[in-house]
Each structure stands twice: as structure tokens, then as C-alpha cells.
């Protein structure tokens with residue numbers, strides 16, 4: 001059986017679109033792997049389209065909104081000041097996976113960000129998402145400062161980069177990455193061929 005890995009960062013609306021569709025497009029098991037998109041950008045010398053000039057940003061946001069409608073997802077509600085710094089949220093996701101409820105936390109965080117417009121750079125919003133999936137907010141707060149959690153996220157990001165992951169969402173099939181939420185069907189077709 002092929003090994004399938006989903007690389008994501010909760011600050012990415014395209015990763016949100018992919019996360020919402022994974023269960024209907026790809027067969028399990030799928031290993032969800034939190035990575036730091038900001039660190040990937042540094043490693044690849046790239047930057048977010050959302051930080052570019054105004055017209056490009058507006059076109060990108062309109063494309064995300066169009067895809068959400070096409071996929072039958074709720075209307076996108078953009079967080080104020082998006083994008084911001086999601087490092088704490090990604091450390092919380094890393095901890096959530098280590099605690100056995102990573103998918104639940106990740107989907108809650110994605111939905112909070114892109115369905116409710118909650119800014120995940122605000123610690124209270126991250127801790128609220130964690131509490132709503134059964135995690136202890138004080139444990140999550142402590143974990144986001146834990147050197148082991150920090151190192152785990154760093155190592156996952158570095159490993160993804162070595163594999164050829166340049167952005168999120170990416171689906172890797174037996175170590176070969178496919179980048180983009182609009183490529184999920186391509187990933188599914190590759191799996192069927194195998």
C-alpha cells in the first residue's frame with residue numbers, strides 16, 4: 001500500500017480547501033503532517049502570494065472563494081489582517097497530533113480561520129480551538145513553548161523540504177509530492193494506478 005502524506009499549515013486557505021476534501025477524494029490511511037509554511041518560504045526563497053501587490057492578493061482571495069463555492073464549502077470569512085504569524089498554531093497542531101487529536105484540532109482551526117474569520121495568530125483563538133476538541137488549553141499553551149514540540153515542527157518542515165515540498169497543501173505519495181488543493185484528484189488518480 002502506498003504511503004500518503006498531507007502537508008499543511010493552518011494559515012493557508014488552500015490547505016483548508018484540501019483538508020475539507022481529503023476524506024472524499026483520497027482513501028485512508030492519510031498521514032497528516034503539520035509544517036511551517038513560513039519556514040518553507042525561507043528555505044525556498046519564496047513568499048506568500050497574499051503578501052504581494054494588492055491586485056494579486058485580491059485575485060488570489062477571489063480564487064479561494066470561487067473554489068470554496070465550487071466544492072460546496074461555506075463562504076470564506078477572512079480573518080482580519082490575514083495572513084499573520086501562525087507559528088503558535090502550528091506548534092499547537094504538532095502537540096495535538098502527539099496527543100491523538102491532531103485532525104480534529106486542525107479541522108477546527110481551519111474552520112475557525114476561514115469559516116468564522118478568527119485570527120489564529122491570537123493565542124486565545126488557538127487555545128479555544130484546542131479546548132473545543134478536548135485538549136487542555138493550559139497544556140497546549142505550555143506545549144507551544146516546549147523545546148521538543150518546537151523541534152518536532154522544525155524537523156517535520158525540514159524533512160518536507162528535503163522531499164521537495166515547496167508549499168502547502170502538498171500530498172506526497174511514496175515520497176513524491178504533488179502541490180496544490182486543485183491537484184487532489186491527480187493524487188487520487190496516481191494512487192489508483194499504483
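The values are calculated or read from the model by the stated rules, or taken from the named source; none is laboratory data. These numbers were taken from a predicted model, which means no experiment stands behind them. All Cβ positions, glycine included, derive from the backbone under ideal geometry; neighbour counts span all protein chains shown.
Descriptive notes on the structure:
- Search result, residues across the stretch 170-194 that are in a helix (DSSP H, G or I), touching a residue at least 24 places away in the same chain (Cβ under 8 Å) and closer than 15 Å to residue 21 by Cα: 181, 182, 184, 185, 187, 188
- Tallying residues that are in a helix (DSSP H, G or I) and surrounded by 11 or more Cβ atoms within 10 Å (Cβ to Cβ) within the stretch 60-75 yields 10.
- Residue in the stretch 110-132 that is surrounded by fewer than 19 Cβ atoms within 10 Å (Cβ to Cβ), modelled with pLDDT under 95 and within 17 Å of the chain's Cα centre (by Cα) present: no
- Residues that are exposed (fewer than 13 other Cβ atoms within 10 Å of the Cβ) and farther than 18 Å from residue 7 by Cα within the stretch 140-162 comprise 142, 145, 147, 148, listed in sequence order.
- Residue 165 passes every criterion in (1) touching a residue at least 60 places away in the same chain (Cβ under 8 Å); (2) more than 20 Å from residue 13 (Cα to Cα) apart from (2).
- Of all residues in the stretch 76-96, those satisfying the criterion of being in contact with a helix residue (DSSP H, G or I) (Cβ under 8 Å, 6 or more places away or on another chain) and either assigned to a helix (DSSP H, G or I) or within 23 Å of residue 142 (Cβ to Cβ) (or both) are 85, 86, 87, 88, 89, 90, 91, 92, 93, 94, 95, 96.
- Contact annotation: residue pairs with Cβ atoms under 8 Å, 6 or more positions apart or on different chains, pairing a residue in the stretch 55-77 that is in contact (Cβ under 8 Å) with a residue 24 or more places away in the chain and at negative phi with a partner that is outside any helix (DSSP H, G or I) and loosely packed, with under 11 Cβ neighbours inside 10 Å, are 68/75.
- Of all residues in the stretch 1-45, those satisfying the criterion of being out of contact with any helix residue (DSSP H, G or I) (no Cβ under 8 Å at 6 or more places or on another chain) and not in a helix (DSSP H, G or I) are 1, 3, 5, 28, 29, 31, 45.
- Residue match in the stretch 27-35 (condition: free of Cβ contacts under 8 Å to residues at least 24 places away in the same chain and farther than 22 Å from residue 155 by Cβ): yes
- Residue check, residue 166 at negative phi and surrounded by 19 or more Cβ atoms within 10 Å (Cβ to Cβ): no
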